[in-house]
2 protein chains.
Amino acid sequence: MGLVVQKYGGSSVADAEGIKRVAKRIVEAKKNGNQVVVVVSAMGDTTDELIDLAEQVSPMPAGREFDMLLTAGERISMALLAMAIKNLGHEAQSFTGSQAGVITDSVHNKARIIDVTPGRIRESLDKGNIAIVAGFQGVSQDKKDITTLGRGGSDTTAVALAAALDAEVCEIYTDVDGVFTADPRVVKKAKKIDWISFEDMLELAASGSKVLLHRCVEYARRYNIPIHVRSSFSGLQGTWVSSEPIGDKQVEQAIISGVAHDTSEAKITVVGVPDKPGEAAAIFRAIADAEINIDMVVQNVSAASTGLTDISFTLPKTEGRKAIDALEKSRAGIGFDSLRYDDQIGKISLVGAGMKTNPGVTASFFEALSDAGVNIELISTSEIRISVVTRADDVPEAVRAVHTAFGLDSDSDEAVVYGGTGR
Amino acid sequence: MGLVVQKYGGSSVADAEGIKRVAKRIVEAKKNGNQVVVVVSAMGDTTDELIDLAEQVSPMPAGREFDMLLTAGERISMALLAMAIKNLGHEAQSFTGSQAGVITDSVHNKARIIDVTPGRIRESLDKGNIAIVAGFQGVSQDKKDITTLGRGGSDTTAVALAAALDAEVCEIYTDVDGVFTADPRVVKKAKKIDWISFEDMLELAASGSKVLLHRCVEYARRYNIPIHVRSSFSGLQGTWVSSEPIGDKQVEQAIISGVAHDTSEAKITVVGVPDKPGEAAAIFRAIADAEINIDMVVQNVSAASTGLTDISFTLPKTEGRKAIDALEKSRAGIGFDSLRYDDQIGKISLVGAGMKTNPGVTASFFEALSDAGVNIELISTSEIRISVVTRADDVPEAVRAVHTAFGLDSDSDEAVVYGGTGR
């Protein structure tokens, strides 16, 4: 008998009908002879409604209390889901993150899981129950306070439980059919990927693909837990994410896994930086001290006549204001002429382990962009990824051009997209 | 420095404005030099909305999951209240029933508190925080499952915490100004009671007064915790409930505390019962086995000619169907002619410790009813209470007549009643 962890996002349990539909799917997995652990998010818009309430009583809600508030959402959905399952004649018990043994650090609103001690879950499963666990939440190791894991937290809960329970698979049910070779809203001919390696999935997630978050994939890779991303609406086979293709799926690793894009970043250019040791370090120390994560970094070739250079980097638009403030404050110490801020950029990334052994990939990528008339502003590469920054307006056309150039286009329009995303 | 426990019902925290108003009141108590523990119910209609959801997914929601669901309501209100207090510049921390050490038995939906271990609350108070505790909920001693305390549970939480923390007073904030000599919706000239003994309050609660539940008063009496019932809207002094009048309040015990009424009961008459030992026992064993609580019991004088008698008793209307079924099932064993069910009855009770030493009270009570043309169907008495059953239609008139006859009428129409009741 296998152990399966299933995770359902907020859009899958948005109302009573959704909860009943999900309950049937869970019972099916149980009837197939599995022990089943289910991780569930808050219903539909519950979390947003709670955030609204918080903003009405306090402009800056405190972390500890904010977490206490938000975790009410999963408490509702998990209890209702357990009731719905019992109503189908199967035994189910719901558990809070704390009861399920999800131990975190004390960083409220974005805590990290540091241990999982699922004794009560194991006990409940051994009694023949289906165990329902609140996603997105845990309890802090030192203070025993309720914490939340931040965006995408429920996926991480599911993978962490799967690892602690040595599950055969962690099934992430969502509102799309799986991971696609590109965003189907942009590329109509995007294909569902049957299997993708952890490494390629990590690069896609880091490059703007929203189906799985980087952190969740990282966790799954560390503990080698296969993830199966699939739709809670269609019931079709989705995308397997694992170190090796699973079972009889003799899938050959594709040269290119997919094309990701991201228009959530902005670009800051520090103009007229003296070209001498320590200058770049001073700039990025100022940014790091403001607790801002940056993405791409490019330094121009220094102009010999002036001894000055420009340094550009990208970062989330939401951090733009903070970064400019931090740099302006350190201006005297660093010594630069001016700052340029540009939030009309987009990033297109080509991801695939095959590019390591296929030297023509970079050239083909740039040719495809050039043929589409797209100008490249920055370039950054890893072993299995090439990313470029372009004008934001050029992104859809660029993604389609690259997708076609690498032979990723599907013959049919098979992509089905449903509204909303879970957390 | 004193320790005060305050409890706010759902109508006091129905929306963001209510939460902010309550937060100000709490901060005032803190500024007055007290350590403050606040017990809070779910916001307004939250609990009803959650019950609706449960009914949509399952016609018979399981106890454990139902409790898990309902406790989400207090989690929301307490977190918001803590945020609102912090926004006023004071430190506050919220605690679930489990975190606050409210230990209960395992009877879901109507658990009883068996211990309170408020270590974390004490610690939080000692750090200068205001502690906010979820009412109505606890954790079961044996299974560590979330439980709820049933109707009026938040009041019980407040009194239990006050006892465990050795508080000076437990303030129950509600939407009326205190306990009245009669229901102000029925008797316009009802007066607010300044002080009432635990014993009289227990009788009033058992007789239909809804301001405090019997269970909460019982708990307060056992641990001798003074309760101050007052309005969260007006800020006026309310009603003190304690063993002796508090401080400089040299209130003389009134002969009569008040008149309560109750139209939630029905009457069952078992007709033609053989007048021999064991018959009454057999009837009430059948009722008890069906887990039905009964209130008044009267046995008619046996008619010598037939050797048969009638036995009448009252019980909550909601249990009527179940009681009839239980009796019909035991009909052969008990041996009676027929059953009469009557749910158009009302109960009027006069409560006051003074009646022990004032022999005329019973006579005056019956005279007042007679003068008002009210027919008496059943009578039951305790040392400090007389109750009669009448037609339901007669109740308002009967209550007013008795209230006037015992000199309880106020000179002014001071009663102020606000909508809704907390849980």
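The values are calculated or read from the model by the stated rules, or taken from the named source; none is laboratory data. In this text the structure is predicted, and so the values were computed from the model without any measurement. In this analysis, Cβ positions are derived from the backbone assuming ideal geometry, glycine residues included, and neighbour counts consider all displayed protein chains. Calculation scope for accessible area: heavy atoms of the full protein, side chains included, ligands and nucleic acids excluded. Shrake-Rupley method; radii C 1.70, N 1.55, O 1.52, S 1.80 Å.
Summary table
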read-out	value
For A:L165, net neighbour charge (Lys/Arg +1, Asp/Glu -1) across residues whose Cβ lies under 14 Å away	-3
Dipole-positive endmost among B:S370, B:A163, A:V133 within the protein assembly as shown (Cβ charges, Cα centre)	B:A163
Projected area averaged over orientations for segment B:1-76, convex hull of C-alpha atoms, nm²	5.6 nm²
Segment A:120-215 - convex hull of the alpha-carbon atoms, volume per residue in Å³	138 Å³
Most mobile of B:I113, B:I121, B:I376 in a GNM of chain B (Cα contacts under 10 Å)	B:I376
Other copies of B:D411: label-to-label distances in nm, shortest first, labels 7 Å along the beta-carbon direction	9.9
Heavy atoms of B:W240 accessible to a 1.4 Å probe, total area in Å² rounded to 10	40 Å²
For segment B:3-175, convex hull of alpha carbons as volume per residue, Å³	96 Å³
Above-threshold pairs, the threshold being 26 Å between Cα atoms, out of A:K188/A:K347; B:K7/B:K322; A:K20/B:K143; B:K7/B:K110; A:K86/B:K7; A:K191/A:K356	B:K7/B:K322; A:K20/B:K143; A:K86/B:K7
Chain B - share of DSSP beta bridges that are antiparallel (%, nearest 5)	60 percent
Dipole moment magnitude, nearest 20 debye, the protein assembly as shown about Cα centre, only Lys, Arg, Asp, Glu C-beta charged	920 debye
Charge context of A:E203, other residues only, Cβ under 11 angstrom, K/R +1, D/E -1	-2
Probe 1.4 Å - accessible area at B:L202, Å² to nearest ten	20 Å²
Diffusion constant of segment A:148-280 at 20 °C, which comes from Stokes-Einstein with the Kirkwood Cα-pair radius and 1.002 mPa s, µm²/s	132 µm²/s
Pseudo-label separations to other copies for A:N224 - Cα-to-Cβ vector, 7 Å, nm	6.8
Accessible area in square angstrom per residue, chain B, 1.4 angstrom probe	41 Å²
Chain B: radius of gyration and largest Cα-Cα distance (Dmax), Å	23.2, 81
Antiparallel bridge percentage (DSSP; both residues within segment A:67-209; nearest 5)	55 percent
Under the span-like rule (Cα at least 20 Å along the axis, Kyte-Doolittle mean at least 0.0), DSSP H helices of chain A	A:72-87
Relative packing of peptides A:348-361, B:47-60 - highest average C-beta neighbours within 10 Å first	A:348-361, B:47-60
Label geometry 7 Å along the beta-carbon vector: B:D15 inter-copy distances in nm	2.5
Within a Gaussian network of chain A (alpha carbon springs, distance under 10 Å), most fluctuating of A:F366, A:F66, A:F284	A:F284
The protein assembly as shown shape via C-alpha gyration tensor axes, a/c threshold 1.5	prolate
Of all chain B residues, the one whose C-beta is nearest the axis that brings B onto A, in angstrom	B:A72, 2
GluC sites (Glu not before Pro) within segment B:194-297, DSSP loop, no more than 10 other Cβ atoms inside 10 Å	B:E252, B:E291
